[in-house]
1. Pull up all non-local amide H partners of Ile437: gap of 5 or more, or a different chain, and H-to-H distance under 5 Å with H placed in the peptide plane.
2. Ranked from highest to lowest mean number of other Cβ atoms within 10 Å per residue, what is the order of the peptides 148-160, 359-371?
3. Kindly sort His27, His195 by accessible area of their heavy atoms, largest first, with the probe set to 1.4 Å.
4. Scan around Asp254 for amide H atoms under 5 Å from its own, H built in the peptide plane at 1.01 Å from N, and keep only partners 5 or more places away or cross-chain.
5. Amide H neighbours of Asn528 under 5 Å, at least 5 residues apart or on other chains, H built in the peptide plane: list them.
6. Sorting Cys226, Cys88 by accessible area (1.4 Å probe), largest first, what list results?
7. Going by the alpha-carbon gyration tensor, a ≥ b ≥ c the square roots of its eigenvalues, is the stretch 226-354 rounded (a/c under 1.5) or, if a/c is not under 1.5, prolate (a/b greater than b/c) versus oblate?
8. What part of the accessible area of the stretch 542-665, given as a whole %, is carbon or sulfur when the probe is 1.4 angstrom?
Amino acid sequence: MTAMKINKYSWYFTGVIVLALFMATLHPTITAGDSGEIDAAAFSLGIPHPPGYPLYVTIAKSFTHFLPLGNMAYRVNIVSAMFGAASCWMVYLITLKIVGAGLAPAKEWQAQELPLRLSAFFAAASLALSHEFWYRSTVAEVYTLNAFLVLLIIYLLIVWRGKNSLTGEHKVRPYGSRLLYFAAFLLGLGIGNHHTIVLIIPGLILFILYSVAKSQKLEVSLIAHCSLLIAFFLLGLSIYLYLPARSFKNPFMDWGDPQNIHNFIDVFTRKSYLPQEMERGWEMLVKQLKTFNPIHEFTFMGLLFGFFGIRALWKADKAVATMLLLAFMLTSYGLILLAGSSTKDVTILKKFYLPAYTIFSIFIGAGIATCLNPPSPPFAKGVMGGFASRLTLPLAAASVIWQFASHYPQTRNNDNYLAYDYGMNELKSIPTGSMYISKGEIKTFPLWYLQGVERYREDVKVVAAYFLTQGWYAKETLNLVGSFLRSEGGSYKQMLVDALYRGSAGKGVYTGFLDEEYIPGRLLTYTNGITFVFSETLEEKHKKDVWPLYQLRGVRKIEMDMERGGMEILKDYASSYYNTGLRYYSEGETDRAMGDFEKAVAINPEDPDSLNNLAALYADKGIRLKEAEVMARKAIEIYSTEEDKGLARETLEDIRIKQKEKGII
């Protein structure tokens with residue numbers, strides 16, 4: 001293939017390479033996050049958590065309906081991968097456009113075409129290999145579609161403005177207004193995918209006003225333009241009519257029950273989903289600011305290229321630079337300020353930064369083009385000089401190679417069954433026809449997928465305690481427990497468990513967590529694998545060992561940089577091993593208890609209870625005393641109360657006595 005053909009089809013190769021990367025690292029099923037819920041919503045054309053995400057759900061349903069490949073979750077993951085690759089492709093095109101090679105180059109421009117296309121390629125590669133974008137491109141979530149729509153709207157506005165950056169020539173195209181109206185339509189449609197897209201609006205408005213002021217006479221009057229823009233925007237926003245339309249059909253997933261105007265507004269505005277605001281001090285603000293980390297995403301070299309690109313773009317085209325810079329700032333630091341302090345888990349903000357990272361990758365491409373020092377405007381003078389410009393491509397290549405090497409271990413998820421197996425193991429723990437109380441999204445969404453999509457263990461009645469404060473779900477729960485819910489003292493949570501137990505016809509109520517607020521005084525609790533059982537008498541049928549039934553693919557040591565949901569699941573496995581070990585210890589089976597404590601420590605080496613109990617067992621048996629001493633000392637460091645530290649010190653003293661007896665010290 002000739003160099004000219006490579007240049008001509010480089011945009012195609014870029015998209016294919018990136019898509020192949022995402023497909024090779026794609027999750028094979030649901031993940032420990034929103035994907036189980038979104039998959040269930042797409043399967044049933046239902047309504048996931050507010051604001052309902054009607055655009056993503058309908059696209060996912062349409063795509064997965066015609067794709068006979070893998071399971072439902074895998075197909076929806078492919079949707080995210082495709083929009084991730086499409087976003088990288090748009091970064092390539094926008095970079096080419098702003099550095100001057102977007103249009104077919106004339107003969108005198110052909111000498112610089114390859115360097116500029118390489119700049120665009122490295123811009124796309126830097127985005128594809130950034131940790132957050134790569135990960136979100138392999139799971140069923142709405143964020144890559146959001147990034148794609150942001151980039152497509154920006155590209156349409158640049159084409160609408162019709163400025164060729166190489167020549168500085170302005171043109172008003174006959175189809176210009178149609179492009180602008182289409183961008184307005186996409187903006188409204190994009191709100192039907194994720195509300196954060198509104199943060200790019202100020203930059204778009206400034207760009208349009210500046211371009212109108214500089215252009216020739218408008219095709220129609222300003223009032224007509226504005227009216228049509230609003231009309232097309234509202235047309236796109238009408239995607240939200242999906243919510244009441246589908247809610248009336250009572251799909252499996254019907255979050256918020258938006259059949260009436262009150263419920264519809266609650267879902268659209270996320271009122272029924274927003275957590276309670278907490279006071280945000282400087283300490284929390286600093287933590288939130290640290291979650292936006294371009295150096296981690298793009299490397300230090302990528303950050304430098306980005307700054308060079310901002311500088312060069314500001315000199316060459318202030319209108320485009322202003323639009324991109326304002327969008328970048330509002331979708332990063334502006335988002336942090338708007339987020340407030342609605343959650344203690346600041347890491348949840350990371351996935352919202354994808355639009356900011358996509359824009360910064362364009363700056364990186366512009367910076368590389370600047371440093372390559374092509375011979376014509378607007379990047380006629382490199383900022384690094386002749387010698388440094390020869391190092392640009394090696395440095396850019398080294399940057400993306402470093403990104404790949406450092407991010408691949410966390411984003412290679414093609415064998416990640418952790419969330420899927422966890423949900424399966426929950427249901428395998430429970431006898432036929434039993435009640436199960438789950439807590440939290442991470443523990444509940446896999447169950448919704450398994451029951452709503454794969455139709456697995458539909459006999460188990462799942463009650464999500466996390467959602468009982470929300471009217472629409474509480475109503476469903478009341479229907480589930482029926483006449484059994486009656487007040488006989490105790491809290492509402494205890495009454496709920498008691499009512500569920502009455503309705504279980506003696507089969508027992510199972511739960512994935514142990515919380516005293518939920519334990520009625522007349523019921524006992526017993527560990528049951530990764531679940532607990534409430535029962536009046538701990539009969540033998542509740543004491544069977546369910547661990548042999550489990551699949552434990554992906555269970556490994558907790559790492560601090562892993563996804564929050566995966567970390568919670570692994571902590572739950574470690575806690576369950578610990579609880580099972582306590583049960584065996586209470587029954588005198590110390591060897592089995594020691595084995596489970598070892599498994600708990602292997603998964604979560606920062607759990608002081610597991611460390612201390614395992615160290616105590618080693619001391620009792622007089623084995624592995626050096627390891628026991630290390631674990632006891634570590635438990636003392638981790639424990640937060642003096643009472644707990646005192647217990648660990650007693651364990652350490654026992655270990656020292658054993659060491660003296662054996663002549664170790």
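The values are calculated or read from the model by the stated rules, or taken from the named source; none is laboratory data. Treat the numbers as computed from the prediction; the structure is a model and nothing was measured. When we count neighbours, we look across all protein chains shown, and the Cβ atoms used for this are built from the backbone with ideal geometry, even at glycine. Surface areas here come from the heavy atoms of the whole protein model, side chains and all, with no ligands, DNA or RNA. Shrake-Rupley method; radii C 1.70, N 1.55, O 1.52, S 1.80 Å.
1. Amide H neighbours of Ile437: Val463, Tyr510, Thr511, Gly512.
2. On the way: 148-160: 22.8, 359-371: 30.7.
Order by mean packing, descending: 359-371, 148-160.
3. Result, largest first: His195, His27.
4. For Asp254, whose amide H was placed from the backbone, the distant partners under 5 Å are Ile47.
5. The list, which skips near neighbours in sequence, is Val533.
6. Working: Cys226 65, Cys88 0 Å².
Order by accessible area, largest first: Cys226, Cys88.
7. The shape class here is oblate.
8. Looking at the stretch 542-665 in its full context, I get 49 percent from C and S.
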